[in-house]
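The values are calculated or read from the model by the stated rules, or taken from the named source; none is laboratory data. In this text the structure is predicted, and so the values were computed from the model without any measurement. Cβ placement follows ideal geometry from the backbone for every residue including glycine, while neighbour counts extend to all protein chains displayed. Only protein heavy atoms, including side chains, enter the accessible area calculation; ligands, DNA and RNA are left aside. Shrake-Rupley method; radii C 1.70, N 1.55, O 1.52, S 1.80 Å.
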Amino acid sequence: GGDRPLAGRTAVVTSGPTHEPIDPVRYIANRSSGRQGHAIAAALAKLGAQVTLVSGPVTLADPPGVTVVKVERAEEMLEAVLARLPADIAVMVAAVADWRVAAANAEKIKKRPGEAPPPLLLAENPDILKTVGHHAGRPKVVVGFAAETQDVEENGRAKLERKGADLIVANDVSPETGIMGGTRNSVKLITAAGVEAWPDLSKEEVAERLAGWIAGRFSRQP
Ligand code: C5P
């Protein structure tokens with residue numbers, strides 16, 4: 001209760017991109033600043049939760065009062081998240097690369113004049129949110145994000161089901177919105193109960209409201 005309604009609760013949050021190595025100097029990645037995920041970790045901690053933030057490579061400072069585990073690849077991120085289960089809360093915000101290079105080169109691939117570019121064979125990465133949403137140690141509250149450029153609500157609803165999440169925070173990341181890498185966010189909350197649109201907010205405000213929403217889930221019933 002009070003201003004620390006999440007005291008005694010544990011939370012695991014993912015943030016940032018993952019980097020999937022091609023060779024020791026090259027990688028493939030998604031665009032993600034980590035701003036939203038880091039802000040959520042900070043907001044949950046502010047409400048009293050004991051938070052572990054599993055972060056891919058970002059240039060942000062570690063949020064105050066949060067345990068930060070730094071990873072590069074999706075497989076490392078999954079392992080770090082599973083190591084924190086059971087937990088009460090999971091908020092998966094990371095922009096995980098859907099694919100990794102099937103066999104990353106141990107040595108830098110040499111560019112030889114006149115030779116064809118090397119083909120990249122990809123393998124599917126684990127889906128961290130889906131794994132957590134269907135896990136034996138599933139947190140009571142599992143939250144995922146959906147960055148979409150079209151059919152935001154329909155895709156969000158499908159994702160809720162498929163990933164085993166209680167809430168999907170969906171946003172339109174079309175380039176003209178400036179959300180990717182930006183400081184503001186305009187989201188829709190998709191739950192089994194329906195859709196709630198939030199106004200245009202800073203990522204910190206989205207984080208604070210979301211932490212409040214999560215705290216509300218614990219105060220409702222046992
Ligand atoms: O399927 P899609 O990537 O759109 O789903 C987005 C949500 O799933 C986000 O919450 C993201 O953090 C999570 N995710 C994940 N592991 C993946 C892919 C997505 O945790 N491999």
Once Lys and Arg are counted +1 and Asp and Glu -1 for all other residues with Cβ under 11 Å from that of T191, the total becomes +1
Rounded to the nearest Å, the spacing of the alpha-carbon centers of the range 42-114 and the range 144-191 is 20 Å
Per-residue accessible area, 1.4 Å probe, largest first, puts H134, H38 in the order H134, H38
With 0.36 nm assigned to each residue of separation and the Cα-Cα distance removed, S219 to L85 gains 46.1 nm
With Cα springs under 10 Å, the Gaussian network model of the chain assigns the largest mean-square fluctuation among G37, G144, G48 to G48
Here the gain from full extension of E205 to R184, 0.36 nm per residue of separation minus their alpha-carbon distance, amounts to 6.7 nm
Exposed GluC sites (Glu not before Pro) being those in a DSSP loop with at most 13 other Cβ atoms within 10 Å, the longest stretch of the chain free of them is 116-222
Taking 9-15, 99-105, 59-65, 30-36 and ranking on average Cβ neighbours within 10 Å, highest first, one gets 9-15, 30-36, 99-105, 59-65
The answer for the chain, accessible area per residue at 1.4 Å probe in Å², is 52 Å²
The FRET efficiency for A104 and R162, from their Cβ-Cβ distance with R0 = 35 Å and rounded to 0.05, is 0.80
Across A29, A95, A193, the residue with the highest GNM fluctuation in the chain (Cα network, 10 Å cutoff) is A193
Toy charge model, Lys and Arg Cβ at +1, Asp and Glu Cβ at -1: the chain dipole around Cα centroid in debye, rounded to 20, equals 420 debye
Carbon plus sulfur, as percent of the 1.4 Å-probe accessible area of the chain, comes to 50 percent
